[in-house]
1. About its Cα centre, what dipole magnitude does segment B:31-161 give when the only charges are +1 on Lys and Arg Cβ and -1 on Asp and Glu Cβ, stated in debye to the nearest 20?
2. Quote to one decimal, in nm, the extra length available between B:LYS31 and B:LEU201 on full extension: 0.36 nm per residue of separation minus the C-alpha distance between them.
3. Run the paramagnetic zone check for B:ALA170: 7 angstrom along Cα to Cβ, then residues of segment B:20-51 with backbone nitrogen under 19 Å.
4. Which loop-located chymotrypsin sites (Phe, Trp or Tyr not before Pro) does segment B:121-220 contain, where loop means any DSSP state but H, G, I, E or B and the Cβ has at most 16 other Cβ atoms within 10 Å?
5. Which three numbers, in whole Å and largest first, are the semi-axes of the equivalent ellipsoid of segment B:1-112 derived from its Cα gyration tensor as √(5λ)?
6. Given an 8 Å cut-off on Cα distances and at least 6 residues of separation, report the relative contact order of chain B as a percent.
7. Positive end of the dipole of segment A:3-97, charges at C-beta (+1 Lys, Arg; -1 Asp, Glu), about the Cα centre: which of A:LEU68, A:GLY32, A:SER92 has its Cα farthest in that direction?
8. Taking 51 Å as R0, compute the FRET efficiency from the Cβ-Cβ separation of B:LYS18 and B:ARG50 and round it to 0.05.
Amino acid sequence: MYKIAVLGDRDSIYGFAALGLEVFPTASAEEGAKALRNLCEQDYAVIYITEAMAEELAPELERCRENLLPAVIPIPGVHGNTGMGIQMVKHSVEQAVGSDIIFNEK
Amino acid sequence: MAGTQVNPTRMELTRLKKKLATATRGHKLLKDKRDELMRQFLDKVRENKRLRERVEEGIGAANKNFLLARAGMQDQVLNTALLAPKQRVSLESEAENVMSVEIPKFTFKTRTPDQNDIFSYGFAFTSSDLDGAVQSLADVFPDMLALAECEKGCQLMAVEIEKTRRRVNALEHVMIPELQANIKYISMKLDENERSTQIRLMKVKDMMLKQAHGYDDPLN
C-alpha cells in the first residue's frame, strides 16, 4: 500500500491536504532536498512537487528518474506555470529519439 | 583493422563465426525491440503531453480559486479548516511489462467512499469559495494520477530506449564489422598457408624425382 506526497511551498500545496494527500510544506531548497530524499526512501509511489521547487532540485529528480518508484511529477505552483513540467517530457523525448519531434509539431 | 592480434587458426575461425552469428541475431532482435519500444513510447508521450496540458490548466484554475478563498478568509480559519483532513488516499501499484520495461500502473483508493469527505470542515465559518476550490482540485486529481503513471512510464521507457539504441549501434558499427574483418583475415591467412604448403610439396616431389631418376624439371 503506497501513499502520495505533495512537496513545495505552503501556499501552492495546502489544498491537496483536503483531498487526502500528504503535504510537506518546505520553504527553502535545502529543506526540500532533505524532504525529497526522505520521501524517496519511504513508501510513497507518487511525489508531486511544485515546478519552482523542482527546478532547484533538478539533480535529485534526475536520480529518481531511473527507479520504478516513486514517480516524481512537477506540477504548477501558485506563482504560475514555469514550463518545467513540459520541459521534463521534452527531455524524455530527446533522450529516447535523439531530437525533439513531439513538441515541434505545432 | 584489428586483425593483427588474432590467431590465424581454424579453431579461432570457428569461434569467430559462431560469435558473428550470435551478434547478428542479437542485433536483429535488439533492433526490433528498439523499433517497438519507440512506437509505444511515441504513443505514450503524446498522451503524456495531452494529460500534462490538462492537469496544468486544471491546477492553475484551482490555484486561482484557492487565492480567492484565501482573500475572503482569515489565515487561521483557513488553516484550521484544512488541518485535519477526513479523506485519505492510498495507492496500489502494479508493474506492467512493456517490452521488458517495467512501468508502474496505479489504482487509487480513498479511505471513505463518500465523495463529500474532501470537505473536512464545517461550512459555517468558511467562505464558499473554499468549497469550490477544493472541488476543482478534486476534479483534476484523477488526471493527475493518470499523468503520474504516464509520465513515469515515459521516463523509464526513454532510459531503456537509449540503452537499447546504444547496444544496437555498438553491435552494428563496432562488433559486427570487427568480427567480419577478423574472419576475413583468418580465412585469407589459412588459404595462403594452404597454398604455400601445396607449393612446398610440389617442390619436394620434383626434387625427389630428380634425385631418384635423374628427371629434369619439365618446366625448365
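1. Dipole of segment B:31-161, to the nearest 20 debye: 140 debye.
2. 56.2 nm
3. In segment B:20-51, the label zone of B:ALA170 (backbone N under 19 Å from the point 7 Å along Cα→Cβ) covers B:20-35.
4. B:PHE123, B:PHE125, B:TYR215
5. 60, 17, 14
6. 35
7. In segment A:3-97, that residue is A:LEU68.
8. 0.55
Since every read-out is calculated from the coordinates, none of them should be taken as a lab result. Quick caveat, the model's predicted, so the values are computed rather than measured. Positions of Cβ are backbone-derived with ideal geometry, glycine not excepted, and every protein chain shown enters the neighbour counts.
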